[in-house]
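The values are calculated or read from the model by the stated rules, or taken from the named source; none is laboratory data. Since this is a predicted model, take the numbers as computed values, not measurements. FYI the Cβ positions are ideal-geometry reconstructions off the backbone, even for glycines, and counts take in every protein chain you see. To get the accessible areas, we keep the full protein, side chains included, count just its heavy atoms, and leave off ligands, DNA and RNA. Shrake-Rupley method; radii C 1.70, N 1.55, O 1.52, S 1.80 Å.
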Amino acid sequence: MAAGMLKTFSITARIFQLLGALVFAGSAFLAIAFLRDGDRLASLFCATGALASAAFIVLAGWMRKQMKVWSDKFPPSVR
């Protein structure tokens, strides 16, 4: 039971990391595009979104590692 839950959580965390990477790439691209056009406020908004998505990627990876540490504490009969 725990192994299935760990596998499902791991896959979900990887999907969230992929979505975060896509949002990060789009936000960074838009930030550069707006900055080249001279719109500093929109560029700042997109750069903030890029930083938030980078934090989201790191958080999803950390949660995945914590789930692995937590599941290693299960007794062998549950794993």
Next item on the list: Assess whether Ser71 counts as being at pLDDT below 90 and either more than 22 Å from the chain's Cα centre (by Cα) or surrounded by 12 or more Cβ atoms within 10 Å (Cβ to Cβ) (or both).
Entry: yes
Item checked: Total residues in region 17-55, condition hydrophobic (A, V, I, L, M, F, W, C) and in contact with a Phe, Trp or Tyr (Cβ under 7 Å, 6 or more places away or on another chain) -> 4
Next item on the list: Evaluate region 27-44: report whether one residue or more is surrounded by fewer than 17 Cβ atoms within 10 Å (Cβ to Cβ) and under 17 Å from the mean Cα position of the chain (by Cα).
Entry: no
Note to self: So, in region 26-53, exactly how many residues are of a type in the set (Val, Ile, Thr) and not in a helix (DSSP H, G or I)?
What the structure shows: 0
Next item on the list: Find all pairs meeting these conditions: Cβ atoms under 6 angstrom apart; at least six residues apart or on different chains; first residue within region 6-25 and of a type in the set (S, T, N, Q) and part of a helix (DSSP H, G or I); second residue surrounded by 14 or more Cβ atoms within 10 Å (Cβ to Cβ) and modelled with pLDDT of 90 or more.
Entry: Gln17/Ile57
Notebook entry, point to check: In region 1-11, which residue that is of a type in the set (A, V, I, L, M) and open to solvent by 50 Å² or more (accessible area, probe 1.4 Å) is nearest to the chain's Cα centre (by Cα)?
Noted result: Ile11
Checklist line | Qualifying residue in region 12-19 (condition: touching a helix residue (DSSP H, G or I) at 6+ places or on another chain (Cβ under 6 Å), open to solvent by 70 Å² or more (accessible area, probe 1.4 Å), modelled with pLDDT under 90 and of a type outside the set (D, E, K, R)) | finding: yes
